[in-house]
Structure formats: C-alpha cells, structure tokens
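Remarks on the structure that follows.
The values are calculated or read from the model by the stated rules, or taken from the named source; none is laboratory data. The model shown is predicted, which means the values in this text are computed figures rather than measured ones. Cβ atoms come from the backbone with ideal geometry, glycine included; neighbour counts cover every protein chain shown. Just the protein is used for accessible areas: all its heavy atoms, side chains included, with ligands, DNA and RNA removed. Shrake-Rupley method; radii C 1.70, N 1.55, O 1.52, S 1.80 Å.
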Amino acid sequence: MTLSPAMPVDGPSGPGGLRPDQLAALHRRITGWFAETARDLPWRETRCSPWGVLVSEIMLQQTPVVRVLPVWREWLERWPTPAGLAGEPAGEAVRSWGRLGYPRRALRLHAAAAAIVRDHAGEVPGDYTELLALPGVGSYTAAAVAAFAFGRRETVVDTNIRRVHARLVSGVALPSPSLNAAEMRLAAELLPDDVGTSVRWNAAVMELGALVCTARAPKCAECPVRNSCAWLAAGEPPPSYAPKGQAWHGTDRQVRGAVIAVLRLADAPVPAEMFQREPADLGFAATGIGVPLSALHRLNSAPEQLERAIAGLLGDGLAELHQGGYRLPA
Ligand code: SF4
C-alpha cells in the first residue's frame, strides 16, 4: 500500500491527516525496520541497568554514539551504581568525561547520582516526574529513561525524532528551530497506544533519524517509509531557514576544552601563568601534562580570551582556585 499524507484521504483522519490504518502501517514499518537493523548498543541490552541508560542518555546529548561508547563503558565499569559516582569528588566525573565535550554534563550526572542516593535509596526512579526532578535531567531525558529503562509509554522527542516527524508527516525539510507545542502534540498523537510498541516506536524513530533520515543527506532510497513520506511527496522542498552551525575553532568553548584537558592530567593545582607560556619554556617534556599544555598554547588565544575561559570554568563549577592554582572541583 502506498501511503501519502499529502494525498486526500477518505474517512476520519488523525495526526498529520493520517487515517488510523495509515498510522498503524507507519508503526509496523518503522518498528519492523528497527527490529532488523538496529545497532547493537550496550545501553539497549535488557541487562543494562536504569543507571546505565541514564548515563547513556546524558552522554549522547549532542555527541555521536561512536565517541560515547568507550567513555560510557569506562564509567559503568568504574561506577556501576549511582552510589559509586556520588561517593567520589565531582572533579573525578569531569576528569573521566574524556573528550565528550560539554563537560557540565559530568557535573550534572554527579549531582543526579547524589540526589538518587539521597532521595531514592540509590535506585534510579522510574517515574517521569521523579526523573525530571533530578538535577540536570530535562523533559527529553526523563521521558527517554522512563521509556527505555522502565518500559513506560512516554512521548520521547529528540532532534532525530523531530526531524523524522517534520519530513515524514509535516512535509517540511526541518523542524522549527526550537521545539514547540504543536510538535509535542503531533509526537504524542503519533505514539502507539500499546505500551510495548510505544517503547519500540520511540527507539525506532530515533534510530531512523540517526541512520537514514539524517540532517544533511537523508538516504530516502533506504527508508522503510519512503512511499509514505510527505516531504518526498511534496517534491523535497528546501528548508525555510539555514540551520545554525556550531562554531568551534577559535571559540571560548575550544579554549575551555583545552584548559580542562590540562586540569584533567594535572596532579596539583596549575598556576595561571602556566596556561600562557610555551610548555618547553616551563621545562615540560612533550609527554604527560606537557601534551595538553602544548595544545592549549597552539591555540594562540588572546590573554583576555584565556581569562574569560578560566572565569567561565570557575563560574560553572568545572574548576576551582586552590593554593594559587586551578584544579578540577574537589
Ligand atoms: S523518505 Fe527520506 S525524508 Fe522521508 S522519512 Fe524517509 S529518509 Fe526521511
């Protein structure tokens, strides 16, 4: 059967003008495709703990799977429970964040682990509202953990899901720049009623967006719902706005990342002047802390940018001043 939301339909229609039988066909095709092609990821295994799922969801925000995998494994090996992480200084979470970027997420996970120990006897709660009350857990993460760790029927909406809904059902190249109420309503209406199917649907649509309906070059020829796609039916109209790229080179974020890389390897507080001078002049070999110091020096940042980056790290609690130098939070 060829489905096209762009075509007139008979009878009562649901989300995006889809009849119930058309919606059911979308559910079948996308979850069927997922059953055959889903990536084998450790946080999808049934033996993965809710804590493992929560850690994966925070790490995967704006970070590709391939970069998350080794760090997630190291974290779960070192801290298999929230109590393990909560029992160590927050700086250890930042040190072990590796090069995942956005290291405030490490602090948030540490704070969430402490709250889980304090308020939930060390067990990740399964209820959406209780998850949402954890530090650093937003509506997406709360819904995703409730769905994927506890099998609850929740409307999960991330960037990939939004893009698939926008193209497949709404017929536009990109979702609106920020999540709005209409998108949430559409996502809720598209969610299968059956609880188990709803969990698979959330995971499957997310996977479709990550692997097939990608931002820059959707692989429509491989898509299980290409015959139903409103965007293809509409002749692939271009996006109505240019998505903002995420600048990196020369930004304060890049300098902050380079400073954090130094602090991660330092076993004593690092004085400010060390950040500004060539490591060889300070007597550092091109090993150990000399490596990230050289990388920082190569950025050739203006002194005020370096100061701004360090002040930002202090303000975010990612570094602290101790005995005249900087270190990760104790
Ligand atoms: S046909 Fe192409 S644009 Fe439509 S949902 Fe599939 S991958 Fe996305």
| message | Going residue by residue through segment 278-285, is there one that turns out to be free of Cβ contacts under 8 Å to residues at least 40 places away in the same chain, in contact with a helix residue (DSSP H, G or I) (Cβ under 6 Å, 6 or more places away or on another chain) and among the acidic types (Asp, Glu)? | response | yes
| Restricting attention to segment 201-214, does a residue exist that is modelled with pLDDT of 95 or more, open to solvent by less than 40 Å² (accessible area, probe 1.4 Å) and either over 21 Å from the mean Cα position of the chain (by Cα) or under 22 Å from Thr81 (Cα atoms) (or both)? | no
| Does Arg99 qualify as being assigned to a helix (DSSP H, G or I) and of a type in the set (D, E, K, R)? | no
| request: Starting from residues that are part of a helix (DSSP H, G or I) and aromatic (Phe, Trp, Tyr), keep the ones in segment 69-96 and report whichever is nearest to Ala146 (Cα to Cα). | output: Trp72
| Taking helices (runs of 4 or more DSSP H) that do not extend beyond segment 221-330, which have at least 2 residues that are farther than 30 Å from Ser178 by Cβ? | 252-265, 272-276, 290-298, 303-315
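Which of the residues belonging to segment 117-143 are β-branched (Val, Ile, Thr) and over 27 Å from Met184 (Cβ atoms)?
Just the residues of segment 117-143 that are β-branched (Val, Ile, Thr), to begin with: 117, 124, 129, 137, 141.
Val117, the sole residue that qualifies.
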| said: Condition (residue is touching a Lys or Arg at 6+ places or on another chain (Cβ under 9 Å) and open to solvent by less than 10 Å² (accessible area, probe 1.4 Å)) applied to segment 71-83: is it met by at least one residue? | reply: no
| field | Search result, residues across segment 235-258 that are open to solvent by less than 50 Å² (accessible area, probe 1.4 Å) and either among the basic types (Lys, Arg) or free of Cβ contacts under 8 Å to residues at least 12 places away in the same chain (or both) | value | Thr251, Arg256
| said: I'd like to verify a number: residues in segment 182-218 that are of a type in the set (S, T, N, Q) and in a loop (DSSP other than H, G, I, E, B), how many? | reply: 1
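Matching residues to (1) farther than 30 Å from Asn300 by Cβ; (2) away from the ligand (no atom under 16 Å from the Cβ); (3) of a type in the set (A, V, I, L, M, F, W, C):
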site: Leu186; (1), (2), (3): yes, no, yes
site: Ala221; (1), (2), (3): yes, no, yes
site: Trp231; (1), (2), (3): yes, no, yes
site: Pro237; (1), (2), (3): yes, no, no
site: Leu263; (1), (2), (3): no, yes, yes
site: Ala266; (1), (2), (3): no, yes, yes
| query | Hey, does segment 161-178 have a residue that's away from the ligand (no atom under 16 Å from the Cβ) and not polar (S, T, N, Q)? | reply | yes
| said: Given (1) under 22 Å from Pro89 (Cβ atoms); (2) open to solvent by 20 Å² or more (accessible area, probe 1.4 Å); (3) hydrophobic (A, V, I, L, M, F, W, C), identify the lone condition not met by Leu232. | reply: (1)
| query | Which of the residues belonging to segment 54-70 are crowded, with 21+ Cβ neighbours inside 10 Å and without any contact (Cβ under 8 Å) to a residue 24 or more places away in the chain? | reply | Ser56, Leu60
| task | For segment 91-122, name all the residues that are touching a Leu at 6+ places or on another chain (Cβ under 8 Å), open to solvent by 20 Å² or more (accessible area, probe 1.4 Å) and under 18 Å from Gly312 (Cα atoms). | result | Arg95, Pro103, Arg104, Leu107
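This table checks each residue for (1) of a type in the set (A, V, I, L, M, F, W, C); (2) over 15 Å from Gly257 (Cβ atoms); (3) at pLDDT 90 or above.
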{"position": "Ala286", "(1), (2), (3)": "yes, yes, no"}
{"position": "Leu293", "(1), (2), (3)": "yes, no, no"}
{"position": "Ala309", "(1), (2), (3)": "yes, no, yes"}
{"position": "Gly317", "(1), (2), (3)": "no, yes, yes"}
{"position": "Leu328", "(1), (2), (3)": "yes, no, yes"}
